[in-house]
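Undergrad: To start, I am sharing the structure in question, which I have written as structure tokens.
The values are calculated or read from the model by the stated rules, or taken from the named source; none is laboratory data. These numbers come from a predicted model, not from an experiment. Virtual Cβ from ideal backbone geometry, glycine too; neighbours counted across all protein chains shown. The protein model used for the area step is the full one, side chains on, heavy atoms only, and it has no ligands, DNA or RNA in it. Shrake-Rupley method; radii C 1.70, N 1.55, O 1.52, S 1.80 Å.
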Amino acid sequence: MKKEEWKRKELVILVLYATAFYTFIIRRSLQLSHDHAAKLYGLRSGVLPTYLNDMSDAQWRNFRGNLPILTAVFGGFGVLANGLRAFFGLKAKGMSFVWLFISMVYLSYLHGACILFILIIASANFVLVKMFSQTDYFSFLLWIFNIFFLLCNRVYEGYSFSSFGQRWVYLDNFRGTFRWHICFNFVILRMISFGYDYRWALQDSQFDQKKHFQRCYVCKSGKTCYQFLQERSAPNSSFSFSVYLSYLIYAPLYIAGPITSFNAYASQLEMPQKNYTVRDVSWYGLRWIFSFFLMELLTHLFHFNAFAISGLWKSLSPVDIFIVGYGVLNFMWLKFYLIWRYFRFWSLICGIEAPENMPRCINNCYNLEIFWKSWHASFNKWLVRYMYIPLGGTQRKLLNVWVIFTFVAIWHDLEWKLLSWAWLTCLFFIPEMLLKSIANRMQAENAFGELLFRELKAIAGAITITCLMVANLVGYVIGPSGINWLVSQFLTRKGLPVLGGMFITFYVGTKLMFHIDDAKQRKQALN
């Protein structure tokens, strides 16, 4: 049987299995949500008759509830900023003052008097960068300064004005509507970005623009890719305090990102993005609306997150535990997808293109590297540029992942379950990196060797997906104390067949992803 013919028949079998799997998952999820609705926390009256809406996730509840006011505010910001740019022909410095004014108004509402803490720390970082950027110990100072405030902000929960003297006590009554130290995590990343981009701008650039244009299909098409904007140093005039501060508190990306480098922001402040036309941005917004309705349908019909919040899933059977865990991860993916794309949409309207988070569906990732490049993709780009490469890149890869994932955990919050998630991810990452290194040295010399290699990759993918589920459930749902309970549920007479079924399902899913990748490669070859 020819290889292509076998692949077509294999694809039919895989699709049939996937159809049966999702039919079972949907039916069982509907039954679970219906049977346990009275015992679940966080369910509220929904827009669908007879169905309750799962509003148990505080982040999603707050975002959804504030959507009308956010849309009105950002709509006004967009009209004002674009109107002033067009009317006065403003460039980087002029637009920095526009966004500085707009963002300060926005932050004053969000944080009230606590905006003083942001301005003081940001100003100190600016002075540090300008004074020590050309010294050998600059990186050490920059990281120590920013990690110090990252930890202090969390430990002291944003500080109290009363701790600085009785004369400032009255300011504690004007702390705004949103905790400033939560948003400041993103400001920390931007302060580090500014520091490094300024240091590298003063040195000889290693970026070969000519070579990049030869390789990049985006730049070849007449557009400008994000990598080019990021790697090309901004002019010295862009490293002013006004541009720096407008970058730190740029309103559309302030609360949740996506994260963009200083170079990319400053260059687009000078020349607004042209990669997305009005039609492209409109289509982007319509897709977001469709995804929002999909989330509404999900939270009305399936109460996955409420099971996790209520702790009720601990009384379920192993197969139902798997269904709820799988559902929680899909809910989380769609939640972040909607939040990140909403703010990126407004940033695009205002002329700043940020990297796309969630460019790949959670159900289309079969190894850890693909997963992390596709989850918080803009953060991944930041980590590669400002941590991974300065730490030695591929030469110290096995060591670097521990440093980077520990930082990512601390950056999110000071919780043991997040550190457990980070270290579990590193443990799972090491075998994958070693296997990938061995696989790259091995070349399949015949059809049988190629088939064997593909099967081994599918098995490795199934193991990786299982590990990803465990790491993320530990980090974001059950915590490290729940590991023993989770393991004990599946190492029983009832649990082992479910574990075997999970593995087969993930194996099938990995094979389907191979077919998707093959189809993409064929399409690219035709183009």
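Undergrad: Let me check I've understood the local charge: for Leu301, count other residues with C-beta under 14 angstrom from its C-beta, Lys and Arg +1, Asp and Glu -1. What total comes out?
TA: Values: positive: Arg27, Arg28; negative: Asp35, Asp54, Glu296.
Combined, the nearby Lys, Arg, Asp and Glu give -1.
Undergrad: Name the residue farthest towards the positive end of the dipole of the chain from the options Ser103, Leu171, Ile120, assuming +1 on Cβ of Lys and Arg, -1 on Cβ of Asp and Glu, about the Cα centre.
TA: Value: Ser103.
Undergrad: Using helices alone, I'd like the mean residue ellipticity at 222 nm for the chain: each DSSP H run of four-plus residues gives -39500 (n - 2.57), total over residue count, nearest 500.
TA: Roughly -23000 deg cm²/dmol at 222 nm, from the helical runs in the chain.
Undergrad: On average, how much accessible surface per residue is there in the chain, in Å², for a 1.4 Å probe, leaving out ligands, DNA and RNA?
TA: I get 51 Å² per residue for this part.
Undergrad: Hey, another quick one. Kindly state, as a whole number, the per residue volume in cubic angstrom of the convex hull around the alpha carbon atoms of the stretch 389-432.
TA: 61
Undergrad: A follow-up question, please. If you take the Cα atoms of the stretch 487-527, find Rg, then find the Kirkwood Rh from the mean of 1/r over all pairs, what is Rg/Rh?
TA: That ratio equals 1.37.
Undergrad: Moving on. Above 19 angstrom, tally the Cα pairs of the stretch 289-339 and express them as a % of all pairs, no decimals.
TA: Percentage above 19 Å: 26.
Undergrad: Over the Cα atoms of the chain, compute the convex hull volume and normalise it per residue, giving Å³.
TA: 186
Undergrad: Quick one: which of 353-361, 494-502 comes out on top by average Cβ neighbours within 10 Å, and what's the full order, highest first?
TA: Packing order, densest peptide first, comes out as 353-361, 494-502.
Undergrad: If the viscosity is 1.567 mPa s and the temperature 4 °C, what translational diffusion coefficient in µm²/s does Stokes-Einstein give for the stretch 151-286 when Rh comes from Kirkwood over Cα pairs?
TA: On the way: Rh = 17.7 Å.
This corresponds to a translational diffusion coefficient of 73 µm²/s.
Undergrad: Kirkwood hydrodynamic radius, computed over distinct alpha-carbon pairs, for the stretch 122-171: how many Å, to one decimal?
TA: That comes to 12.7 Å for the stretch 122-171.
Undergrad: Counting only protein heavy atoms and a 1.4 Å probe, tell me what percentage of the chain's accessible area is made up of carbon and sulfur.
TA: Heavy-atom surface of the chain belonging to carbon and sulfur, 1.4 Å probe: 64 percent.
Undergrad: Right, another one. To the nearest 10 degrees, how steeply does helix 318-349 sit against the main Cα axis of the chain, on a 0 to 90 scale?
TA: Tilt relative to the chain: about 30 degrees.
Undergrad: Now a separate question. Tell me the trypsin sites (Lys or Arg not before Pro) within the stretch 209-281 that lie in a loop according to DSSP and have at most 12 other beta-carbon atoms within 10 Å.
TA: Here the sparse-neighbourhood loop sites are Lys274.
Undergrad: Taking the Cα atoms only, what angle lies between the long axis of helix 67-88 and the longest principal axis of the chain, rounded to 10 degrees?
TA: Between helix and principal axis, roughly 50 degrees.
Undergrad: For a bin width of 10 Å, list the pair-distance distribution of the stretch 280-367 built from all Cα-Cα distances, rounded to whole %.
TA: Reading the bins upward from 0: 15, 40, 28, 13, 4, 0.
Undergrad: For the stretch 299-323 and the stretch 370-392, compute the distance between their C-alpha centroids and round to whole Å.
TA: Their Cα centres are 32 Å away from one another.
Undergrad: Listed highest first by mean packing, meaning other Cβ atoms within 10 Å per residue, what order do 366-378, 383-395 come in?
TA: Ranking, from highest mean packing down: 366-378, 383-395.
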